[in-house]
Amino acid sequence: MDQASSIEDRFAAALSVLEKIKQEHVLTFYNTLDAASKDRLLDQIEKIDWEEVARLRETHVLKDPEMKIAENIEPAPFYPNTPTDDLKKKYAEAEKLGEKLIGDNRVAAFCVAGGQGTRLGFSGPKGMYPATPIREVSLFSCFADYIRNMQRKFKCVIPFYVMTSPLNHNETIKYFRDNNYLGLDEKNVMFFPQAMMPGMERSSGKVLMASVDSLALSPNGHGGSLKALYTSGAIHDMRERGVQHISYVQVDNPLVKLIDPLFIGLHAMDEAEMSSKMLSKRDPFEKVGNFCLADGRMSVIEYSDMPDELAVEKNDQGELKYCGGSIAIHMISVSFVEQLNKGAFRLPFHRAEKKVPYMDMESKLPVSPSEPNGVKLETFVFDALPLCDTSIVYETLREEEFAPIKNADGPGVLDSPATSKQMQSNRAGKWLKANGVEVPLDANGNVDATIEVSQLTAVCAEDLETHPLPKEVKRGAEILL
Ligand code: UTP
């Protein structure tokens with residue numbers, strides 16, 4: 001329904017769609033609303049694909065969807081972190097190609113930051129979270145500094161695209177504005193919100209309301225980025241700038257190599273549509289997706305869907321056969337996103353039972369459930385991998401590139417601010433050691449000091465070669481570079 005239609009026509013159209021699928025209760029309070037609230041509710045309703053909601057209610061809400069795993073599963077091949085002799089030449093050429101693409105302004109940075117970050121429990125967009133061990137600069141700052149470093153090094157422009165959700169869009173933009181775009185040029189930073197999905201009551205499949213004039217909406221998963229990149233005009237903007245490749249990262253990993261010449265080069269050289277970084281899994285059941293070839297196509301099988309017997313399988317060398325863990329770092333070709341959106345692409349939805357706050361329809365009071373009451377439906381970006389004709393995987397190292405902040409701090413909690421800060425110090429210590437600095441370790445092999453290397457100073461150990469460094473780091477010291 002176009003926005004120029006009268007509010008009466010919009011209401012009639014919404015009612016007709018909703019009645020057909022028995023979700024008309026969302027209009028229960030419509031007649032009591034003022035004009036602005038009516039518009040807000042209708043606007044939300046008009047943005048949702050209700051046929052899809054009706055279908056998903058049957059397949060994903062009222063029951064657990066049937067999870068079909070391909071018959072033929074093999075581990076996905078990958079480029080190892082340390083090249084074998086026959087790959088050395090290719091890596092050298094790929095790195096040069098990556099550098100050329102960066103220098104020619106062919107690469108954009110893209111951060112998906114539309115998630116709600118409920119596990120971390122930080123009030124505000126997660127990208128604003130103070131992530132680093134000494135200066136406590138934000139995750140967004142880490143990325144901005146990385147971009148500034150690379151722009152300086154390659155005398156180029158790397159536009160930065162940030163996907164938000166309607167829940168954190170304005171706050172994210174305000175943060176960048178209030179902080180002078182974190183040192184980036186405003187005209188090279190673009191924000192766009194992803195689409196939303198209504199939460200549904202687990203027992204009835206009814207769409208939950210958040211208030212009399214709002215559905216209980218949540219972002220539709222990072223898979224929504226592949227559509228939002230296109231519908232927002234970001235892809236059009238990239239085309240105008242001559243950008244060919246998108247470096248995709250999540251907002252929660254301050255160690256990510258946001259723009260990595262070798263990875264970019266391997267992706268481009270092999271003419272891949274979408275590529276991924278993997279790391280070697282800590283154990284068979286680590287909670288990361290598994291890179292596989294499923295019926296010959298690149299796929300990530302979630303840890304929860306991976307049959308145990310496959311997860312523990314070993315190869316002839318006695319190593320885990322399915323060792324490749326997905327850490328949500330991708331290169332995506334602009335033409336691939338265009339091609340998906342020009343066709344009728346659809347990523348599968350995943351079901352998650354969650355505590356969805358809602359409004360009680362009788363009392364109109366808000367309810368914060370203590371147990372999961374609802375189902376949220378999300379799509380995942382890695383589900384686009386099987387749609388690629390060519391997709392490569394490159395192995396990175398955990399200590400170099402993966403220190404996500406997912407959970408609030410607590411004793412024994414992994415992927416928390418505390419574990420991330422330790423890993424940031426560890427990597428900084430490793431880089432210092434590679435440059436001849438003595439660095440103390442504790443009994444667990446962790447750096448026994450707090451070291452922070454700003455991404456403006458260095459994004460790899462070699463960047464420190466020309467930087468004034470101490471001879472040694474004292475136990476317990478704080479060092480900021
Ligand atoms: P997570 O799966 O960690 O989810 O997102 P989350 O929403 O941030 O955190 P929890 O589960 O509520 O604690 C991984 C990445 O995908 C982005 C997140 O912002 C993060 O960068 N994401 C997730 C989106 O951009 N949109 C979504 O709908 C979901």
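None of the figures in this text is laboratory data; all of them are computed from the coordinates on show. The structure displayed is predicted, hence computed values, not measured ones. Here the Cβ is made from the backbone with ideal geometry for all residues, glycine too, and neighbour counts use every protein chain on show.
Could you name the lysines in cross-link range of Lys406, using Cα to Cα under 27 Å and dropping any fewer than eight places away on the same chain?
Within the straight-line cut-off, Lys406 pairs with Lys126, Lys174, Lys227, Lys257, Lys277, Lys281, Lys287, Lys354, Lys355, Lys376, Lys421, Lys430.
Give me the count of lysine pairs in the range 1-116 whose alpha carbons sit under 19 angstrom apart, restricted to pairs 8 or more positions apart or on different chains.
Details: Lys20/Lys47; Lys22/Lys47; Lys22/Lys63; Lys38/Lys47; Lys88/Lys96; Lys88/Lys100; Lys89/Lys100; Lys90/Lys100.
For the range 1-116, the number of qualifying lysine pairs is 8.
What is the local net charge at Leu441, summed over the other residues whose Cβ is closer than 10 Å to its Cβ (Lys, Arg +1; Asp, Glu -1)? Present the calculation step by step, with values, prior to reporting the outcome.
Details: positive: Lys433, Arg475; negative: Asp442, Asp448.
Net charge around Leu441: 0.
Net charge near Ile7: determine it from the other residues with C-beta under 9 Å of the C-beta of Ile7, scoring Lys and Arg +1 and Asp and Glu -1.
-1
Once a ≥ b ≥ c are taken as the square roots of the eigenvalues of the Cα gyration tensor of the range 218-290, is the result rounded (a/c under 1.5), prolate (a/b larger than b/c) or oblate (a/b not larger than b/c)?
Details: a/c = 2.20, a/b = 1.34, b/c = 1.64.
It is oblate, given that a/c is not under 1.5 and a/b is not larger than b/c.
Treating the angle as unsigned and between 0 and 90°, give the value, to the nearest 10°, between the Cα long axis of helix 169-178 and the longest Cα principal axis of the chain.
40
On alpha carbon coordinates alone, what is the Rg over Rh value for the range 311-413, Rh being the Kirkwood radius?
That ratio is 1.09, to two decimals.
Relative to the longest principal axis of the C-alpha atoms of the chain, give the angle of the C-alpha long axis of helix 7-20, reported between 0 and 90° and rounded to the nearest 10°.
Taking the Cα atoms of the chain, the angle to 7-20 is about 80 degrees.
Got a sec? Charge dipole of the chain, +1 on Cβ for Lys and Arg, -1 for Asp and Glu; which of Ile48, Ile158, Ala70 is way out at the positive end?
Toward the positive end, the furthest listed residue is Ile158.
Counting only C-alpha contacts under 8 Å and six or more residues apart, can you give the relative contact order of the range 117-191 as a whole percent?
Averaging sequence separation for qualifying contacts and normalising by length gives 30 percent for the range 117-191.
Can you show me the helix-derived [θ] at 222 nm for the chain, built from DSSP H runs with n ≥ 4 at -39,500 (n - 2.57) apiece and divided by the number of residues, rounded to the nearest 500.
The helix contribution divided over the chain gives -8500 deg cm²/dmol.
Using 0.36 nm per residue of separation minus the Cα-Cα distance, give me the extension gain between Asn435 and Ser304 in nm, one decimal.
43.0 nm
At a Cα cut-off below 15 Å, give the aspartates and glutamates reachable from Lys364, other chains included and same-chain residues fewer than 8 away excluded.
By straight Cα distance, Lys364 reaches Asp213.
Would you compute, for the Cα atoms of the range 343-481, the largest minus smallest coordinate along each principal axis and list the three values in descending order, in whole Å?
68, 45, 28
Contact order normalised by length for the chain, with contacts defined as Cα pairs under 8 Å and 6 or more residues apart; what percent is it?
19
How far is helix 35-46 tilted off the main Cα axis of the chain, in degrees rounded to 10, range 0 to 90?
70
Need one number: nm distance between label points at Glu395 and Asn180, each 7 Å from Cα along Cα→Cβ, rounded to one decimal.
Calculated label separation equals 4.4 nm.
Counting other C-beta atoms within 10 Å, which of Glu51, Glu395 has the fewest, and how do the rest follow?
Glu51, Glu395
With both bridge residues required to lie in the chain, what share of the DSSP beta bridges run antiparallel, to the nearest 5%?
If I count the DSSP bridges inside the chain, around 60 percent turn out antiparallel.
By counting other Cβ atoms within 10 Å of each Cβ, how are His169, His236 ranked from fewest to most?
Least crowded to most crowded, the residues run His236, His169.
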